[in-house]
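These notes concern the structure reproduced below.
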Amino acid sequence: MTLPRRRFLAAGAAAFTAGALTSWMPAGPSDAKRRPRILLRPGTSQHGNIGDIAHSPGALRLFERHFPAAEFTLWPVAISPEVRKNLRQQFPRLKIVDGEIDAQKRPTTPELRAAWTEADLLLHGSAPGFKGGPYLPAWRAASRKPYGIFGLTSDPISSIVTRPEGGTLAELRRVIAELPAGHLRAPTHELLSGAAFIFCRETLTADYFRRQGVRSPVVEFGPDATFALQLRDDARAKAYLGAVKLEEGRFLCVIPRLRYTPYHTIRGEAPTAADHAKDAVNARTSEPDHAKLRDLIVAWVRGTGLKVLACPEMMYQVPLAKEALVDPLPEDVKKNVVWRDTYWLPDEAASVYAQATAVVSFECHSPIIALTNGTPAFYVRQPTDTIKGQMYHDIGVSDWTCEVDQTTGADLWSRLKLVHSNPAAARAHVREVMARIATIQRRMVEVARTAIAAG
């Protein structure tokens with residue numbers, strides 16, 4: 001498989017015609033004895049979303065566990081000072097470089113240029129879509145060094161333009177299976193085909209790429225790198241739980257979400273026509289969606305006598321949790337519900353989730369962080385979310401996964417009650433699921449290691 005890939009990369013370099021880059025970027029490492037070097041480019045911003053923030057440390061832990069000889073340089077997207085500091089503390093050997101790719105397809109900063117020169121592999125991190133278009137053509141033109149992709153979801157149809165109301169995973173699966181050959185745009189197809197490996201964080205993306213004829217030698221299911229996260233702040237979590245009087249194993253975490261994240265509001269931007277369409281969907285669906293979580297909270301508090309923590313995955317969900325979940329509750333229930341009134345980072349969230357009985361979330365990554373820390377987690381998928389929710393079926397937690405439009409608060413309570421009545425069995429199931437994920441993710445690293453060795 002190595003020789004055809006090299007011929008393809010060579011042809012791709014000619015096609016993208018950025019030959020000037022070869023004057024500064026060598027084709028490969030000059031010293032075979034030095035540590036292998038990987039340049040990690042996250043697919044998402046690392047600010048205001050603990051799921052996106054968790055991608056990179058998850059990938060770093062995964063390689064630390066299975067390929068400790070590798071040296072990593074992180075080329076972040078919109079990283080906050082607090083997250084940057086946290087990463088340096090958790091990974092003392094990690095280098096972080098900033099910069100972009102200019103119109104001449106050259107890195108804009110000396111440190112990024114040096115990282116490109118030194119890296120043996122460029123790794124596209126977990127993302128809700130393929131983000132390599134702006135920089136992979138330059139990488140291919142500059143040398144024959146490999147690049148690969150970890151934890152990618154590529155949803156070919158779910159957008160405000162094509163499906164403003166979204167659809168269930170079953171509906172989307174049928175539509176995607178019927179897409180004609182050639183549906184995947186040619187430039188993206190060429191870049192994906194040039195990858196040494198592509199690990200998709202759910203099987204729908206992998207199946208779609210194969211049906212579209214993507215020629216990468218490895219196109220497989222590879223769960224989100226957040227499943228490898230080993231990031232905790234037990235001291236901060238202990239202090240917080242003590243302050244709000246939540247006891248280990250005696251509270252439920254609930255995470256709200258609007259069907260479309262209001263990015264224009266978060267960024268203080270004037271809304272576009274697409275933003276107005278998304279706002280209309282949110283206005284129509286927020287109350288019925290969150291009413292189901294409130295029904296679950298009422299059933300939990302009255303049925304168990306235990307407490308609830310309403311908490312965020314994204315920054316905008318701090319006020320949303322109060323407005324949509326806590327404030328409308330009956331008074332007898334509300335006194336047993338704690339509103340998390342500040343945002344947090346993945347390490348504190350992980351330590352809090354680890355102490356909970358379970359996590360129930362409209363968001364996709366809080367359940368991952370909970371499962372990674374041994375806690376049963378329920379993902380309630382909204383139809384406007386991407387096909388990434390298929391991942392929960394792929395890893396074996398279908399019983400804890402449902403579509404919001406096909407469930408009720410009573411349905412959620414009937415599932416959660418089983419976890420509450422037998423927490424030991426539920427946590428044993430989590431361990432089994434995580435063991436299967438660990439096996440798959442070890443292969444992901446081994447494939448990346450082989451790609452580096454093949455050069």
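All of 137, 110, 128, 164 fail the test of being in contact with a helix residue (DSSP H, G or I) (Cβ under 8 Å, 6 or more places away or on another chain) and surrounded by fewer than 19 Cβ atoms within 10 Å (Cβ to Cβ), apart from 164. Scanning region 21-44 for residues that are at pLDDT 95 or above and not in a loop (DSSP other than H, G, I, E, B) gives 37, 38, 39, 40, 41.
Among residues of region 51-80 that are of a type in the set (Val, Ile, Thr), those with a beta-carbon under 6 Å from a residue that is assigned to a strand (DSSP E or B) and buried (at least 20 other Cβ atoms within 10 Å of the Cβ) at least six positions away or on a different chain give the pairs 73/39.
How about region 151-213: which helices (runs of 4 or more DSSP H) wholly inside it have at least 1 residues that are farther than 28 Å from residue 439 by Cα, of a type in the set (Lys, Arg) and free of Cβ contacts under 8 Å to residues at least 60 places away in the same chain? Before the answer, list the steps.
Values: elements: 169-177, 186-193, 203-211.
In region 151-213, 169-177 are the helices (runs of 4 or more DSSP H) which contain 1 or more residues that are farther than 28 Å from residue 439 by Cα, of a type in the set (Lys, Arg) and free of Cβ contacts under 8 Å to residues at least 60 places away in the same chain.
Filter region 55-86 down to the residues that are touching a Ser or Thr at 6+ places or on another chain (Cβ under 7 Å) and more than 20 Å from residue 448 (Cα to Cα), then identify the one that is surrounded by the most Cβ atoms within 10 Å (Cβ to Cβ).
Of everything passing the filter in region 55-86, 77 is surrounded by the most Cβ atoms within 10 Å (Cβ to Cβ).
Just for region 393-451: of the residues that are among the β-branched types (Val, Ile, Thr) and not in a helix (DSSP H, G or I), which one is surrounded by the most Cβ atoms within 10 Å (Cβ to Cβ)? Taking the candidates together, the pick is 395.
Could you tell me whether residue 195 is over 14 Å from the mean Cα position of the chain (by Cα) and more than 27 Å from residue 346 (Cβ to Cβ)?
yes
Is it the case, given these coordinates, that residue 89 is in the same structural domain as residue 190 (by TED's automatic domain parsing) and part of a loop (DSSP other than H, G, I, E, B)? So residue 89 fails the test.
Here is a check on your reading of the model: is residue 267 in contact (Cβ under 8 Å) with a residue 40 or more places away in the chain and under 20 Å from residue 44 (Cα atoms)? No; evaluated as a whole, the condition is false for this residue.
Residues are listed down the side, and each one gets a yes or a no for (1) more than 24 Å from the chain's Cα centre (by Cα); (2) at pLDDT below 95; (3) of a type in the set (Phe, Trp, Tyr); (4) surrounded by 21 or more Cβ atoms within 10 Å (Cβ to Cβ):
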{"site": "240", "(1), (2), (3), (4)": "yes, no, yes, no"}
{"site": "247", "(1), (2), (3), (4)": "yes, no, no, no"}
{"site": "265", "(1), (2), (3), (4)": "no, yes, no, no"}
{"site": "281", "(1), (2), (3), (4)": "no, no, no, no"}
{"site": "319", "(1), (2), (3), (4)": "no, no, no, no"}
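Considering only helices (runs of 4 or more DSSP H) fully contained in region 261-338, which possess at least 3 residues that are in contact with a Lys or Arg (Cβ under 9 Å, 6 or more places away or on another chain)?
Output list reads 273-304, 317-320.
The values are calculated or read from the model by the stated rules, or taken from the named source; none is laboratory data. Source: prediction; values computed, not measured. When we count neighbours, we look across all protein chains shown, and the Cβ atoms used for this are built from the backbone with ideal geometry, even at glycine.
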